[in-house]
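Novice: Mind looking over this structure? Questions follow.
The values are calculated or read from the model by the stated rules, or taken from the named source; none is laboratory data. Fair warning: this is a prediction, and the values are worked out from it, not measured in the lab. Don't worry about glycine lacking a Cβ; one is built from the backbone with ideal geometry, like all the others, and counts go over all protein chains shown. We work out accessible area using only protein heavy atoms, side chains counted, and drop any ligands, DNA or RNA first. Shrake-Rupley method; radii C 1.70, N 1.55, O 1.52, S 1.80 Å.
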Amino acid sequence: MTTNLKSEEPGSMPTATAAPTRAPHGDVPTGHPDQGRVGGGLFDPKQLIRSFPEAVRKLDPRVMVKSPVMFVVEIGSVLTTVLAVKDPGDWFGWAIAGWLWLTTVFANLAEAVAEGRGKAQADTLRRAKTDTVARRLNGSAEELVPGTELRVGDLVVCEAGDTIPGDGDVVEGVASVDESAITGESAPVIRESGGDRSAVTGGTKVLSDRVVIKITTKPGETFIDRMISLVEGAARQKTPNEIALNILLASLTIVFLLAVVTLQPFAQYAGAEQSMIVLAALLVCLIPTTIGALLSAIGIAGMDRLVQRNVLAMSGRAVEAAGDVSTLLLDKTGTITLGNRRAAEFVPVRGTTEAELADAAQLSSLADETPEGRSVVVLAKERYGLRERNQGELTGAEWVAFTAQTRMSGVDVDGRKVRKGAAGSVVAWVKERGGHVAEDAQRLTDGISQAGGTPLLVAVEDTDGARVLGVVHLKDVVKEGMRERFAELRRMGIRTVMITGDNPLTAKAIAEEAGVDDFLAEATPEDKMALIRREQAGGKLVAMTGDGTNDAPALAQADVGVAMNTGTSAAKEAGNMVDLDSDPTKLIEIVEIGKQLLITRGALTTFSIANDVAKYFAIIPAMFAVVYPGLDKLNVMGLHSPQSAILSAVVFNALVIVALVPLALKGVRYRPTSADKLLRRNLGIYGLGGLIAPFVGIKLIDLVISLIPGIG
């Protein structure tokens with residue numbers, strides 16, 4: 001059974017979309033990535049140098065204990081350093097201790113770079129915050145108070161040139177507001193009372209008129225405050241998947257710790273007792289240090305990629321949920337279609353030519369300033385080469401502008417009267433003048449309506465009397481490339497549902513043209529909520545967008561609720577993401593970014609576990625080949641000496657973290673495909689690559705070490 005999702009009153013304004021220009025952040029890519037794939041964020045190698053001091057500060061055990069794997073590495077670093085101090089002439093002990101400390105610092109460096117990018121963005125946002133003096137209403141009088149003293153429910157007055165002192169809703173008036181400090185979009189936006197465009201943000205500036213604003217947040221809890229806290233990472237909590245992976249890594253660390261501890265008695269029995277430095281090096285090389293070092297950075301970078309695209313995620317859990325979404329609820333207007341109906345074709349009645357109809361339609365639309373009217377003029381020009389005429393060119397013409405009451409536009413010129421408008425209005429106009437309505441006019445209008453379009457009749461009154469010339473077919477234009485994107489989502493196993501307030505016939509026609517899997521027509525907020533709950537009851541995660549107060553319950557119920565920044569405060573509070581550009585189409589991109597986060601984490605976990613295999617072939621023969629010569633066959637890399645083999649493994653273990661920092665921050669490039677293909681691809685690249693790369697890396701490091709005088 002087909003269904004329908006978003007309440008859309010006739011004549012209501014379509015959801016506003018602002019073309020993303022540049023976010024208010026530093027290194028932010030503009031526009032959208034290539035269709036069909038999600039690229040990574042930008043990475044500047046200089047960030048490694050800038051973040052190094054912060055990485056050293058993170059060596060504090062109180063910070064390190066949050067990552068069990070790297071905390072064990074730090075303990076090993078301290079232990080080997082103490083042993084090296086006791087035997088200052090042992091170069092091997094100093095080398096191992098130094099590289100274990102570097103392993104710990106490199107792990108912190110990955111997180112510090114990710115957090116540093118967020119702090120740079122937060123600094124930009126802080127500059128948008130200003131200490132304002134608010135004009136608070138006290139009855140009918142105004143009083144000047146610091147913005148920090150405002151409380152929820154206070155009414156404040158803002159006029160042209162004033163900075164809005166806090167988050168709230170416009171309750172009186174309409175004004176043009178500059179929100180570039182938040183969105184990066186230089187074009188002002190309209191904020192007015194009584195609609196879905198009433199929410200204002202503290203720190204933005206009123207450019208014109210006067211409004212009364214009701215404060216909805218406490219000082220320190222404004223939208224900008226929350227943005228700063230989130231992009232800095234201060235409010236970032238580990239996601240369920242991240243916690244689960246941390247538990248797995250901690251469990252593996254305990255297993256390997258027990259294995260190394262019990263190894264010493266066996267080594268003593270075999271007559272090959274190992275030093276504590278060698279055992280510490282073995283433990284660090286066996287535990288999954290690579291993913292343990294990069295795990296936090298991957299999560300921070302995932303939220304950062306959304307911030308780069310002007311989307312604020314209220315939690316890392318929302319980003320993860322976006323990656324697991326299986327149902328997308330998409331508004332028709334502004335998301336799937338352009339939002340304004342456009343003229344698609346001219347259909348003449350019998351006895352009238354298309355050219356004659358196009359000329360009359362264009363002439364009668366010159367006084368129609370609606371988007372639909374302008375599209376008629378453009379279609380006549382593009383399809384029939386009719387030059388667009390200006391009203392001033394027609395001398396003596398009497399123009400009839402389109403109004404909601406008459407639902408017609410037209411012109412009286414040279415003894416002719418031409419009209420274009422709604423079918424009922426034009427038919428009544430023709431009959432009033434004793435004219436004739438062609439028999440096939442009704443059939444043509446019915447056919448267009450059943451196909452999901454809107455028919456406009458064109459009529460003329462001249463020396464031959466009043467008569468209908470034909471029909472202009474208006475239709476919602478599906479955005480270019482949407483069908484292909486929905487096909488990609490289908491390959492990913494994601495079901496798309498279009499939500500519209502249109503009747504089922506119109507909804508079905510647009511759904512078929514766009515290529516969505518299902519639709520919900522004549523939708524009410526209750527219908528939308530019921531659909532979300534039905535999908536979730538089947539074990540599916542649901543994502544949707546919304547901007548109105550009536551969308552708030554559904555946004556709160558959805559697993560991923562993206563509120564538009566132009567929407568109401570209720571909608572922004574209910575959603576777990578806010579799109580600063582107010583572009584509903586971005587929901588598809590958010591889902592792809594979420595999947596990219598999960599794929600990056602999975603790929604680097606695979607690489608981390610796989611690259612431990614080569615270390616066995618390096619360290620185990622070095623430890624026991626003297627006692628058990630047969631183990632020397634495992635030295636497939638032909639490493640120079642036991643000490644250089646162990647040191648090479650430790651050095652590689654540290655350097656591979658630095659090598660993978662850019663990948664952790666930028667993310668694995670995501671291309672829409674099925675889960676089994678993604679699994680095969682990642683196993684091939686990161687599983688097989690994780691097996692091969694250490695053999696090559698350890699051998700090259702060993703060659704370098706063997707050339708060092710006094711060591712080789």
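Novice: Quick one: dipole size for the chain, taken about the Cα centre, charges +1 on Lys/Arg Cβ and -1 on Asp/Glu Cβ, in debye to the nearest 20. Each step should come with its number before you reach the end.
Specialist: Working: 73 positive and 84 negative charges, 416 e Å.
In total the dipole reaches around 2000 debye.
Novice: By how many nm would the segment from Asp87 to Ala401 lengthen if fully extended, with 0.36 nm per residue of separation less the alpha-carbon distance? Spell out each step's value before the answer.
Specialist: Numbers: separation 314, 0.36 × 314 = 113.04 nm, distance 9.55 nm.
Full extension of this stretch gives 103.5 nm more.
Novice: Note down the accessible area of Ile532, probe 1.4 Å, to the nearest 10 Å².
Specialist: 0 Å²
Novice: Mind giving me the nanometre distance, one decimal, between the label points for Val696 and Ser251, set 7 Å out from Cα along Cα→Cβ?
Specialist: My value for the distance between the label points is 3.4 nm.
Novice: Once all Cα-Cα distances of the stretch 640-712 are split into 10 Å bins that start at 0, what whole-number percent is in each one?
Specialist: With a bin width of 10 Å, the distribution comes to 17, 37, 25, 15, 6, 1.
Novice: Run the reach check for Lys381 against aspartates and glutamates, Cα to Cα strictly under 14 Å, same-chain hits fewer than 8 apart removed. What comes back?
Specialist: Glu345, Glu354, Glu356, Asp359
Novice: Students often get this wrong, so check it: of Lys431/Lys475; Lys214/Lys528; Lys540/Lys595, which have C-alpha atoms separated by over 18 Å? Spell out each step's value before the answer.
Specialist: Values: Lys431/Lys475 27 Å; Lys214/Lys528 29 Å; Lys540/Lys595 15 Å.
Going by Cα-Cα distance, Lys431/Lys475; Lys214/Lys528 fall outside the 18 Å limit.
Novice: Turning to a different aspect of this structure: Roll a 1.4 angstrom probe over the protein heavy atoms and tell me the percent of accessible area of the stretch 266-387 that is carbon or sulfur. All intermediate terms of the calculation are to be shown ahead of the outcome.
Specialist: Details: 1990 of 3920 Å².
C and S atoms contribute 51 percent here.
Novice: Name the residues of the stretch 680-703 whose amide N is less than 18 Å from a point 7 angstrom out from the Cα of Thr673 along the C-beta direction?
Specialist: Within reach of a label on Thr673, which here means backbone N under 18 Å from a point 7 Å along Cα→Cβ, the stretch 680-703 contributes 680-690.
Novice: May I pose another question? I need the semi-axes of the equivalent ellipsoid of the stretch 269-326: take the C-alpha gyration tensor, multiply each eigenvalue by 5, square-root it, list largest first in whole angstrom.
Specialist: Working: eigenvalues 371, 28, 8 Å².
Values for the stretch 269-326, descending: 43, 12, 7 Å.
Novice: Another question, if that's okay. Which residue, Ala563, Ser644, Val56, has the largest displacement toward the positive end of the dipole of the chain when charges sit on each Cβ (Lys, Arg +1; Asp, Glu -1)?
Specialist: The residue sitting farthest along the positive end of the dipole is Ser644.
Novice: Suppose the chain between Asn635 and Glu526 were pulled fully straight at 0.36 nm per residue; how much longer would it get relative to their current alpha carbon spacing?
Specialist: Values: separation 109, 0.36 × 109 = 39.24 nm, distance 6.80 nm.
Result for the pair: 32.4 nm of gain on full extension.
Novice: Consider just the alpha-carbon atoms of the stretch 485-601 and return their Rg together with their Dmax, both in angstrom.
Specialist: Calculated on Cα positions, Rg and Dmax stand at 14.2, 44 Å.
Novice: Compute the relative contact order of the stretch 391-474 as a whole-number percentage, counting only Cα pairs closer than 8 Å that sit 6 or more residues apart in sequence. Write out the running numbers ahead of the final one.
Specialist: Details: 151 pairs, mean separation 20.9, N = 84.
Here the relative contact order equals 25 percent.
Novice: Taking the DSSP beta bridges in the stretch 393-474 as the whole, what percent of them are antiparallel, to the nearest 5?
Specialist: Working: 24 of 25 bridges.
Around 95 percent of the beta bridges assigned by DSSP in the stretch 393-474 are antiparallel ones.
Novice: Please work out how much length the chain gains when fully extended from Tyr616 to Leu207, using 0.36 nm per residue of separation minus the C-alpha to C-alpha distance, in nm with one decimal. Show your work: numbers first, answer last.
Specialist: Working: separation 409, 0.36 × 409 = 147.24 nm, distance 6.75 nm.
My answer for the length gained is 140.5 nm.
Novice: Find the relative contact order for the chain and round it to a whole percent, using C-alpha pairs within less than 8 Å whose residues are 6+ positions apart. Mind showing how you got there, number by number?
Specialist: Values: 1460 pairs, mean separation 130.8, N = 712.
Contact order relative to length: 18 percent.
Novice: Under a point spin-label approximation (7 Å from Cα along Cα-to-Cβ), what is the Val65-Ile243 distance to one decimal in nm?
Specialist: Label-label distance for Val65 and Ile243, simple model: 1.9 nm.
Novice: Let me ask something else about it. If I model a spin label at Glu142 and Ala272 as a point 7 Å from the Cα along the Cα→Cβ vector, what separation in nanometres do I get?
Specialist: Simple spin-label model gives 8.6 nm for this pair.
Novice: For the stretch 565-645, divide the Cα radius of gyration by the Kirkwood radius and give the resulting Rg/Rh value with two decimals. Please list the in-between numbers first.
Specialist: Details: Rg = 26.0 Å, Rh = 17.4 Å.
Looking at the stretch 565-645, the ratio lands at 1.50.
Novice: Sticking with this structure for a sec: Which value, to two decimals, describes the C-alpha radius of gyration of the stretch 252-379 once divided by 2.2 N^0.38 Å? Write down the numbers at each step before the final one.
Specialist: Numbers: Rg = 34.7 Å, N = 128, 2.2 N^0.38 = 13.9 Å.
Dividing the Cα Rg of the stretch 252-379 by 2.2 N^0.38 Å gives 2.49.
Novice: Check every DSSP H run in the chain and write down those whose alpha carbon atoms cover 24 angstrom or more along the long axis and whose mean Kyte-Doolittle hydropathy is 1.6 or greater. Can you show the working numbers first?
Specialist: Values: long enough: 68-86 (27 Å, 1.69); 91-128 (54 Å, 0.20); 240-269 (45 Å, 1.38); 289-308 (29 Å, 1.07); 586-610 (36 Å, 0.87); 642-666 (37 Å, 1.80); 688-706 (28 Å, 1.85).
Counting only whole DSSP H runs, the qualifying helices are 68-86, 642-666, 688-706.
Novice: Let's test the formula: R0 of 41 Å, r as the Cβ-Cβ distance of Asp324 and Arg151. What FRET efficiency results, to the nearest 0.05? Provide the component values of the computation, followed by the final result.
Specialist: Details: r = 40 Å, r/R0 = 0.97.
Plugging the Cβ-Cβ distance into 1/(1 + (r/R0)^6) gives 0.55.
Novice: Return the carbon/sulfur percentage of the accessible area of the stretch 598-712, one whole number, probe 1.4 Å, all protein chains in place.
Specialist: Values: 3640 of 5030 Å².
Solvent-exposed carbon and sulfur of the stretch 598-712 make up 72 percent of the total.
Novice: Something else: Can you return the lysines within cross-link range of Lys218? Criterion is Cα-Cα under 29 Å, with same-chain partners fewer than 8 residues away left out.
Specialist: Excluding near neighbours in sequence, the set is Lys119, Lys129, Lys205, Lys238, Lys572.
Novice: Sticking with this one: Hey, can you find the accessible area per residue of the chain for me, probe 1.4 Å, expressed in square angstrom?
Specialist: Values: 30050 Å² over 712 residues.
About 42 Å² of surface per residue is accessible.
Novice: Could you work out the helix-only [θ] at 222 nm for the chain, with each DSSP H run of four or more residues adding -39,500 (n - 2.57) and the total divided by the number of residues, to the nearest 500 deg cm²/dmol? Walk me through the numbers before you get to the answer.
Specialist: On the way: 24 runs with 340 residues, N = 712.
One gets -15500 deg cm²/dmol as the mean residue ellipticity at 222 nm.
Novice: Would you mind getting me the FRET efficiency between Ser315 and Arg490? Use the beta-carbon distance for r and R0 = 30 Å, nearest 0.05. Show your work: numbers first, answer last.
Specialist: Details: r = 28 Å, r/R0 = 0.94.
The value I calculate is 0.60.
Novice: Given the chain, what percent of its DSSP beta bridges are antiparallel, to the nearest 5? Intermediate values should be presented prior to the final figure.
Specialist: Numbers: 63 of 83 bridges.
Antiparallel: roughly 75 percent of the beta bridges in the chain.
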